[in-house]
Amino acid sequence: MPPPVFRFAPSPNGYLHLGHAFSAMLNSDLARESGGRFLLRIEDIDSTRCRVEFEEAIDQDLTWLGLSWEKPVRRQSEHFAEYRAALEKLMALGLIYPAFESRAEIAGLIKQNEAEAPWPRDPDGAPLYPGTARALGSGERERLLRSGTPYALRLDMAAACARAGELNWRECGEGPQGESGMAAARPEAWGDVIIARKETPTSYHLAVVVDDALQGVTDVVRGQDLFWSTSVHRLLQQLLGLPSPVYRHHRLVRDAAGQKLSKSTEATGLRELRAGGATPAEIRRRVGLA
């Protein structure tokens, strides 16, 4: 049998923190212990937030930690054609539709409905898309497309789930509530997720399943905050005829207040810890790998 393949896939939209270090080192450790391969993938489809200096810092931080990975590194921004091909398969199945509402318009629709009853939310707590664009007539849809109106391409979740049937995945780690073993996928909990946008032929969900398949990733090891996203990934894998890796969701590294570390909250970066005299061995101890 071919060796297992692990990957660490950060986005270069900020500096790595202890949570990233834990995930990267865990993937590297598991690859080494199993005689497998360790890949680094740069998830940079968001051109407005991703920057070259952050990618350079990722390389510096991981090298400082003592990690090594196969070259060349896959950068998502260099593979839009592959994501577009996958998108076109979903479109050919009749599972994708354009939604033209702005974020403010969607928020307004939800607010109106919430005046009568609580609005359903996804596993991350965000309100589900109301699905109003599904009801647009073909003439109005074509008019909006010709006018250049911005749009998001959404997955018709009900139709996609009906086509795919029941799904599950092998969980070798643990979900937020201790889920393990064969986990039942519940993609419907996410509603009509965005699969691509007018200017970008992919989203995180689509790109990650295409990348994992093309790179031969056999073991996806990542944080518990992505546990329920696996439901969407399993759905897309089924629809596109892609293999399903084994998943291992790990605990999150948290701050003193019990909150997960995040770039958005400006968690202390590895580069700052290094500048303050920390060593790779100390980082390993701080995240519980020593």
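Listing for the model above:
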read-out: Distant-in-sequence amide H partners of Arg186 (H built 1.01 Å from N, under 5 Å); value: Ser231
read-out: Options His249, Pro176, Val287, ranked by Cα towards positive dipole end of segment 131-290, top entry (Cβ charges); value: Val287
read-out: Kirkwood Rh (inverse of mean 1/r, distinct Cα pairs), segment 123-162, angstrom; value: 12.2 Å
read-out: Percent of Cα-Cα distances greater than 27 Å, calculated over segment 126-257; value: 28 percent
read-out: Alpha-carbon Rg/Rh ratio, for segment 206-290, with Rh computed the Kirkwood way; value: 1.08
read-out: Unit Cα scatterers, Debye sum, segment 1-122: log10 I(q)/I(0) for q = 0.13, 0.16, 0.18 Å⁻¹; value: -0.78, -0.93, -1.00
read-out: Helical contribution to [θ] at 222 nm, DSSP H n ≥ 4, -39,500 (n - 2.57), averaged over the chain, rounded to 500; value: -11000 deg cm²/dmol
read-out: Fraction of beta bridges assigned by DSSP in the chain that are antiparallel (%, nearest 5); value: 50 percent
read-out: Segment 175-285, relative contact order in percent, only Cα pairs under 8 angstrom and at least six apart counted; value: 25 percent
read-out: Furthest towards positive pole of dipole, Gly139, Leu261, Trp69, structure part the chain, Cβ charges; value: Trp69
read-out: Accessible area of segment 87-129 divided out per residue, in Å², using a probe of 1.4 angstrom; value: 64 Å²
read-out: Segment 21-155: relative contact order as a whole-number percent, Cα under 8 Å and 6+ apart; value: 24 percent
read-out: Solvent-accessible area, 1.4 Å probe, carbon plus sulfur percent, for segment 127-206; value: 48 percent
read-out: Taking the chain and dividing mean pair separation by its residue count, relative contact order in percent (alpha carbons under 8 Å, at least six apart); value: 24 percent
read-out: Share antiparallel - DSSP beta bridges, segment 142-269, percent rounded to 5; value: 55 percent
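The values are calculated or read from the model by the stated rules, or taken from the named source; none is laboratory data. Every value quoted in this text rests on a predicted model; they were computed, and no experiment measured them. Heads up, the Cβs are rebuilt from the backbone with ideal geometry, glycines too, and the neighbour counts pull from every protein chain shown. Protein only, heavy atoms only, side chains kept; ligands, DNA and RNA dropped before computing areas. Shrake-Rupley method; radii C 1.70, N 1.55, O 1.52, S 1.80 Å.
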